[in-house]
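Asks: Below: one structure in structure tokens.
The values are calculated or read from the model by the stated rules, or taken from the named source; none is laboratory data. The structure presented is a predicted model; accordingly, all values stated were derived computationally and were not measured. All Cβ positions, even for glycine, are placed from backbone atoms using ideal geometry, and neighbour counts span all protein chains on display.
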Amino acid sequence: MKATEQKKPKKGLFLRIAAIAFAVYLLISLISMQSSINQKKNELDDLRQQYTESLIRNEELQKTLDSYGTDEFVEEQAREKLGYAYPEEHFYIDVSGTD
């Protein structure tokens, strides 16, 4: 009987060590997965922001495309790109360098 009593503590000790090792493995896996989830959430937020910026840029381009060829568009381009103005119109350029 003494032989069987000595085997029980060894078996119980082995199970405890195995359970602790498994718990540590699960904890490490959980931390790793949480880190991965947080990284993917950050990537998703960045992609959503890029998508929103793209939508805004597309709307601006569509407005420009829609206004192309109108009198207002031609006038704006003549003023901005070519520096044209009406004969009775005066404009001044601030050369001080401050806005």
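Asks: Given the criterion modelled with pLDDT of 85 or more and loosely packed, with under 10 Cβ neighbours inside 10 Å, identify the matching residue among ASP99, ASP66, ASP71.
Replies: Details: ASP99 fails: modelled with pLDDT of 85 or more; ASP66 fails: loosely packed, with under 10 Cβ neighbours inside 10 Å.
Result: ASP71 is the single residue among ASP99, ASP66, ASP71 that is modelled with pLDDT of 85 or more and loosely packed, with under 10 Cβ neighbours inside 10 Å.
Asks: Go through the range 75-88 and give me each residue that's within 38 Å of the chain's Cα centre (by Cα) and either surrounded by 10 or more Cβ atoms within 10 Å (Cβ to Cβ) or not in a helix (DSSP H, G or I) (or both).
Replies: Passing the criteria: GLU76, GLN77.
Asks: Ok, one more. Looking only at the range 50-60, decide whether some residue is among the basic types (Lys, Arg), at pLDDT below 95 and in a helix (DSSP H, G or I).
Replies: Within the range 50-60, the subset among the basic types (Lys, Arg) is 57.
Those left that are additionally at pLDDT below 95: none.
Among the residues of the range 50-60, not one is among the basic types (Lys, Arg), at pLDDT below 95 and in a helix (DSSP H, G or I), which makes the answer no.
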